[in-house]
Amino acid sequence: MGLSILNVVILGLADLNAAKPAPAIAEAVKKPAQEDKTAGSPPPVLSAPNLRYNIEVHLPATKDIDVYNAIFKSLKEHLIV
């Protein structure tokens, strides 16, 4: 994977030999900002993202049923778990 021009410029400006991040940055990472929470409200519920794949099959114009059988057999073998 190549680097974009922006990445090369940022890497050129970065101090890659720094021993550790500045104390203010380190504290901000350790202690995230407190959000305003109303008393008694339940914590947010985290759920897994929903993923969906749409697969389009463009079938050839043929009267040979073996062609269709081969296509759907291959789909079954390779896509359906």
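Taking 7 Å steps out from each Cα toward its Cβ at Val57 and Lys73 produces label points 1.3 nm apart.
Starting with the highest mean, order 71-78, 40-47 by the number of other Cβ atoms within 10 Å, averaged over the residues of each peptide. Please list the in-between numbers first.
Details: 71-78: 10.2, 40-47: 5.6.
Sorting 71-78, 40-47 by mean packing, highest first, produces 71-78, 40-47.
Values quoted throughout were computed directly from the atomic coordinates according to the rules given, and no laboratory measurement underlies them. Bear in mind that the values here come from a model prediction, so they are computed numbers and not experimental data. Quick reminder, even Gly has a Cβ in these numbers, built from the backbone with ideal geometry, and neighbours come from all protein chains shown.
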